[in-house]
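Below is one structure, written out as structure tokens; the observations come after it.
The values are calculated or read from the model by the stated rules, or taken from the named source; none is laboratory data. Everything numeric in this text was worked out from a predicted model, so none of it was measured. Note that we place each Cβ from the backbone using ideal geometry, even for glycine, and neighbour counts take in every protein chain shown.
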Amino acid sequence: MTKIYILDTNVLIQAPYAIGCFKDNDIVIPLVVLEELDGLKKSDTEKGKNAREAIRQLEHLRSMGDLLQGIKLKNGGSIRIERNFADVELPKDLPDDKPDNRILKVCIGLTKKNENVILVTKDIVLRLKAQIAGIRAEDFTTEQISVEDAGYTGRTEVYIPQELVKDFKKNGISYKEVYECDENGVSRQIDFIENEFVILKPDQTGKKTLLGRVHGKKIVPLHYKKSKPYGISPRNAGQYFMQEALMTGADRAPLVIIKGMAGTAKTFYSLAVGLEKVYNNPAGEYRRIVICRPNAQFDDDIGFLPGDEKEKIAPLMRPVIDNLEQILDSDSDERYENENELSDKISEIFERGIIQTEAMNFIRGRSIAQTYLIIDEAQNMTPNQVKGIITRAGKNTKIILLGDPAQIDRPFLDEKTNGLSYAAKYMQGSPLCWQITMTAEECVRSELAADAITRL
């Protein structure tokens with residue numbers, strides 16, 4: 001039976017291509033949604049960009065017929081704009097002048113004619129209002145990932161036969177040689193994913209673990225295990241894996257995804273490797289480090305903040321400065337006796353263009369070549385933003401996505417719909433994507449911070 005999907009504005013401004021995602025069902029766009037799109041179209045933010053794209057799609061459809069009567073779509077469904085039902089009565093607690101409530105009027109009016117009406121909105125509150133009004137409401141799920149996909153950590157633990165330890169250290173071994181045991185002690189082989197990191201435990205001694213990575217049909221030892229990027233040494237298995245992914249060149253690992261809670265050194269280690277690659281310039285791989293920190297409020301309000309672009313984004317980059325201070329001051333060869341020296345060194349790095357900072361709305365549309373690009377707090381990106389960034393990667397560019405899907409500050413995003421999780425799912429298994437999730441036990445902050453993570 002054909003369904004009628006009524007789209008909220010937030011669906012179109014997050015996924016302007018949503019019109020083509022409802023198969024052979026009917027789509028209804030309330031008139032108030034057009035008004036909201038019109039109000040957003042002049043904005044320089046991601047919302048403005050997507051609003052303009054949605055309007056262009058509707059204009060293309062309008063050229064094909066009458067949108068008020070309905071236009072057939074290629075997938076067999078139809079789309080129309082609904083301007084009726086202004087006289088539908090709402091509960092007294094829901095004023096008529098609010099856009100959300102005007103959308104509810106359309107839903108109630110259409111429900112009286114057709115039982116199979118579904119409101120699609122990213123707004124949880126509107127879904128609750130719809131339930132109160134007896135209207136079926138759903139989230140836009142096309143970009144959502146499953147619980148299983150969200151649980152992929154990029155690492156696994158296995159047992160390795162004791163007699164193969166030396167072979168592994170020399171050239172690696174077939175992944176068919178390792179195994180895991182179930183709760184009953186029964187061994188079984190594992191299906192690995194390309195570039196998945198592996199902790200190998202010798203099955204007889206069990207004393208010293210080995211670290212490797214899935215490459216083709218083999219598990220190979222880490223190439224950069226003994227590296228110390230900018231004087232920084234790994235402290236745990238997660239950092240060894242992180243180092244391996246970050247140190248590997250853009251020709252083999254152009255995309256690195258690192259997830260984990262605050263305090264697991266994601267930004268710290270990414271900066272350390274970037275400085276090693278660019279500042280020390282051992283191989284001339286990259287010309288610069290570019291850092292971007294998406295922020296929902298900043299993306300909307302940048303035009304109202306004083307100063308130029310760099311001054312506007314400076315508050316968002318304070319965590320980056322904090323990490324730089326730790327990296328520079330931890331170098332045994334470059335100890336700074338006072339804060340002025342340290343501050344001058346950091347200023348020099350920025351003035352020479354070794355590290356550049358960008359806002360998300362400024363980086364859009366650029367072609368990024370020979371760049372070590374760090375996207376911090378990537379969980380605050382939409383799937384559309386992530387696609388835009390990754391597809392902008394030019395020759396010899398390495399993109400590092402950092403974030404914690406459990407710490408989202410952007411409206412209409414959650415652990416299943418954010419850009420970081422979206423990229424992790426769809427790039428999983430790609431030979432060009434390396435990803436790792438840091439654990440709570442790998443927090444490297446103070447003892448208090450580590451203890452609080454497990455307790456609070």
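Restricting attention to region 126-141, and to residues there that are hydrophobic (A, V, I, L, M, F, W, C) and modelled with pLDDT under 90, which single residue is farthest from Val106 (Cα to Cα)? Ranking the qualifying residues of region 126-141, first place goes to Ile132.
One line per residue, one yes/no per condition, for (1) modelled with pLDDT under 95; (2) buried (at least 22 other Cβ atoms within 10 Å of the Cβ); (3) assigned to a helix (DSSP H, G or I):
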residue	(1), (2), (3)
Ile13	yes, yes, yes
Tyr17	yes, no, yes
Lys23	yes, no, no
Leu34	no, no, yes
Lys42	yes, no, no
Gly48	yes, no, yes
Arg56	no, no, yes
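Pairs are defined by a Cβ separation below 6 Å, a sequence spacing of at least 6 or placement on different chains, a first member in region 255-270 that is over 20 Å from Gly429 (Cα atoms), and a second member that is surrounded by fewer than 23 Cβ atoms within 10 Å (Cβ to Cβ) and among the basic types (Lys, Arg); the pairs so defined are Gly263/Arg445. In this structure, is Asn116 farther than 30 Å from Ser430 by Cβ and surrounded by fewer than 18 Cβ atoms within 10 Å (Cβ to Cβ)? It is true that Asn116 is farther than 30 Å from Ser430 by Cβ and surrounded by fewer than 18 Cβ atoms within 10 Å (Cβ to Cβ). Only one entry of Tyr279, Tyr240 meets the criterion of being more than 23 Å from Glu163 (Cβ to Cβ), assigned by TED's automatic domain parsing to the domain that holds Leu324 and modelled with pLDDT of 95 or more, and that entry is Tyr240. Residues in region 154-178 that are surrounded by fewer than 16 Cβ atoms within 10 Å (Cβ to Cβ) and touching a Ser or Thr at 6+ places or on another chain (Cβ under 9 Å): Glu157, Gln162.
May I ask you to verify whether Gly65 is more than 24 Å from Glu138 (Cβ to Cβ), part of a loop (DSSP other than H, G, I, E, B) and either in contact with a Ser or Thr (Cβ under 8 Å, 6 or more places away or on another chain) or not polar (S, T, N, Q) (or both)? So Gly65 fits the description; yes.
At least 1 residues being at pLDDT below 90 and out of contact with any Lys or Arg (no Cβ under 8 Å at 6 or more places or on another chain) is the threshold, and among the helices (runs of 4 or more DSSP H) wholly inside region 382-456 those reaching it are 383-390, 447-455.
Checked against (1) touching a Lys or Arg at 6+ places or on another chain (Cβ under 7 Å); (2) under 18 Å from Ser430 (Cα atoms); (3) surrounded by fewer than 18 Cβ atoms within 10 Å (Cβ to Cβ), Asn195 passes all but condition (3).
Within region 126-158, restricting attention to residues that are outside any loop (DSSP other than H, G, I, E, B) and touching a Pro at 6+ places or on another chain (Cβ under 9 Å), which residue is nearest to Asp404 (Cα to Cα)?
Restricting attention to region 126-158, the residues satisfying the condition of being outside any loop (DSSP other than H, G, I, E, B) are 126-132, 136-138, 147-150, 155-158.
Okay, now just the ones that are also touching a Pro at 6+ places or on another chain (Cβ under 9 Å), so 132, 150.
Numbers: Ile132: 34, Ala150: 12 Å.
Here the residue is Ala150.
The residues of region 71-85 that are crowded, with 17+ Cβ neighbours inside 10 Å and either assigned to a loop (DSSP other than H, G, I, E, B) or touching a residue at least 12 places away in the same chain (Cβ under 8 Å) (or both), listed by number, are Leu73, Gly77, Ser78, Ile79, Arg80, Ile81, Glu82, Phe85. The number of residues in region 210-248 that are farther than 20 Å from Cys443 by Cα and polar (S, T, N, Q) comes to 2.
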